[in-house]
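J.: Below is the structure I would like to discuss, written out as structure tokens.
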Amino acid sequence: SFSVKPGQTVAVVGRSGSGKSTLLKLLARFYTPSVGQISLDGQDIQAVNLQNFREQFAFVPQKINLFSDTVAGNIAMGRSASNTPEDIEGAAQKAHADPFIQELRSGYDTLIGEQGVGLSGGQQQRLCIARAIAVDPEVILMDEPCSALDPIATARIEELIHELRGKYAIIIVTHNMQQAARVSQRTAFFHLGHLIEFGETSEIFTNPREDRTKDYITGRYG
């Protein structure tokens, strides 16, 4: 078991196939747990109305998923029809997407191709994060959000994660150990489907309690 507090970023690390992305999909209710329970504010998430739940947990997948629509339409997906342009712009501003959107030919009304053709990888990812923010969630789930980005775009996303931490609880899956150390306050280490260790990131990286954690952190396997 582990818990995440508001305003906290938790990194989930471990080798491929250890259960990291499955954990996020359980938290996002893409899967239903056969045992155990996931709770938000003490309530089993399976008991929450699905529409209400989608406004509490926002998911940023590893594969950027933009659609052939306007910029505003991509950000607004999942929101109710009553949301205003100000809501959409506010989400884009929080995601640091507003400056480059304003430079597009038609701003928020610019049509972008499937998967955001014509935008850089960093711009595409910031639009996906803006979409997550737009539902005003309590928790943001990020699955390898920088895996396809260059170092400069990665640094900008990491800066954004630091800023968002004050407003949301964030759980980020990453293979990049340096990134986990930079962006998180607590770290969960998974191995073969089991949570091996959970604690303060500084402790996990410098003084892990479990030998398997130490072996992974020091690169003896991965």
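The values are calculated or read from the model by the stated rules, or taken from the named source; none is laboratory data. In this text, all values refer to a predicted model and were calculated from it rather than measured experimentally. Cβ coordinates were reconstructed from backbone atoms using ideal geometry, including for glycine residues, and neighbour counts include every protein chain displayed. In case anyone asks, the SASA skips ligands and DNA or RNA and just uses the protein heavy atoms, side chains included. Shrake-Rupley method; radii C 1.70, N 1.55, O 1.52, S 1.80 Å.
J.: Ignoring ligands, DNA and RNA, what percent of the 1.4 Å accessible area of the chain is carbon and sulfur?
T.: On the chain, the fraction of accessible area on carbon and sulfur atoms equals 47 percent.
J.: Here's a follow-up. Determine, for each peptide in 43-54, 201-212, the mean count of other beta carbons within 10 angstrom over its residues, then list the peptides with the highest first.
T.: Numbers: 43-54: 12.4, 201-212: 15.2.
Descending packing order for the listed peptides: 201-212, 43-54.
J.: Expressed as an acute angle from 0 to 90° and rounded to the nearest 10, what is the orientation of the C-alpha long axis of helix 121-134 relative to the principal long axis of the chain?
T.: In the chain, helix 121-134 runs at an angle near 90 degrees to the longest axis.
J.: Size of the dipole of the range 103-147 about the Cα centre, Lys and Arg at +1 and Asp and Glu at -1 on the beta carbon, nothing else charged, in debye to 20? It would help to have the intermediate numbers written out before the result.
T.: Working: 3 positive and 7 negative charges, 35 e Å.
In debye, rounded to 20, the range 103-147 gives about 180.
J.: How much accessible area per residue does the chain have, in Å², with a 1.4 Å probe? Show your work: numbers first, answer last.
T.: Values: 11120 Å² over 222 residues.
Computed with neighbouring chains in place, this is 50 Å² per residue.
J.: Kindly identify the range 38-79 as rounded, prolate or oblate by the Cα gyration tensor criterion: order the square roots of the eigenvalues as a ≥ b ≥ c, call it rounded if a/c is under 1.5, otherwise compare a/b with b/c, prolate if a/b is larger, else oblate. Before the final figure, lay out the partial values.
T.: Working: a/c = 3.85, a/b = 2.26, b/c = 1.71.
Prolate, since a/c reaches 1.5 and a/b exceeds b/c.
J.: What order do you get for 146-153, 57-64 when each peptide is scored by the mean count of other beta carbon atoms within 10 Å, highest first? Please report the intermediate quantities before stating the final value.
T.: Values: 146-153: 14.9, 57-64: 18.9.
Per-residue Cβ counts within 10 Å, averaged per peptide and sorted highest first, yield 57-64, 146-153.
J.: Which lysines, if any, have their Cα less than 16 Å from the Cα of Lys94, not counting same-chain residues under 8 positions apart?
T.: Lys167
J.: For Rg and Dmax of the Cα atoms in Å, the choices are [x] 21.1, 75; [y] 18.7, 58; [z] 17.7, 55; which was calculated from the structure?
T.: [z]
J.: Still on this structure, I have one more. Largest first, how would Met77, Met177 line up by accessible area (1.4 Å probe)? Please list the in-between numbers first.
T.: Values: Met77 70, Met177 30 Å².
From most accessible down to least: Met77, Met177.
J.: For Val135, Val4, write out the residues from largest to smallest accessible area, computed with a 1.4 angstrom probe and no ligands counted.
T.: Details: Val135 25, Val4 45 Å².
Output order, biggest surface exposure first: Val4, Val135.
J.: Separate question: Return the loop-located GluC sites (Glu not before Pro) in the range 35-131 (DSSP other than H, G, I, E, B) with at most 12 other Cβ atoms within 10 Å of their own Cβ; answer none if there are none. If you can, show how the numbers build up before the last one.
T.: Values: sites: Glu55, Glu86, Glu89, Glu103, Glu114; in loops: Glu55, Glu103.
Those satisfying the criteria are Glu103.
J.: Excluding residues fewer than 8 places away in the same chain, name every one of the lysines whose C-alpha is closer than 18 Å to that of Lys63.
T.: Leaving aside lysines fewer than 8 places away in the same chain, those within reach of Lys63 are Lys20, Lys25.
J.: Which one, Thr110, Cys128, Pro99, is farthest towards the positive end of the dipole of the range 83-133 when Lys and Arg carry +1 and Asp and Glu -1 on their Cβ?
T.: Going by the Cα projections, it comes out as Cys128.
J.: Accessible surface of Asp87 in the full protein assembly, 1.4 angstrom probe, to the nearest 10 Å²?
T.: Roll a 1.4 Å probe over it and Asp87 shows about 60 Å².
J.: Starting from the amide H of Ala188, placed 1.01 Å from N in the peptide plane, find each other amide H under 5 Å away whose residue is 5 or more places distant or on another chain.
T.: Ala11, Val12, Val13
J.: In what order, largest first, do Tyr108, Tyr168 sit by accessible area if the probe radius is 1.4 Å? Mind showing how you got there, number by number?
T.: Values: Tyr108 25, Tyr168 5 Å².
My answer, sorted largest first, is Tyr108, Tyr168.
J.: At 0.36 nm per residue, and after removing the present C-alpha to C-alpha distance, how many nm does the segment from Gln46 to Arg209 gain when stretched out fully? Let's see the in-between values first.
T.: Working: separation 163, 0.36 × 163 = 58.68 nm, distance 3.30 nm.
Gain in length upon complete extension: 55.4 nm.
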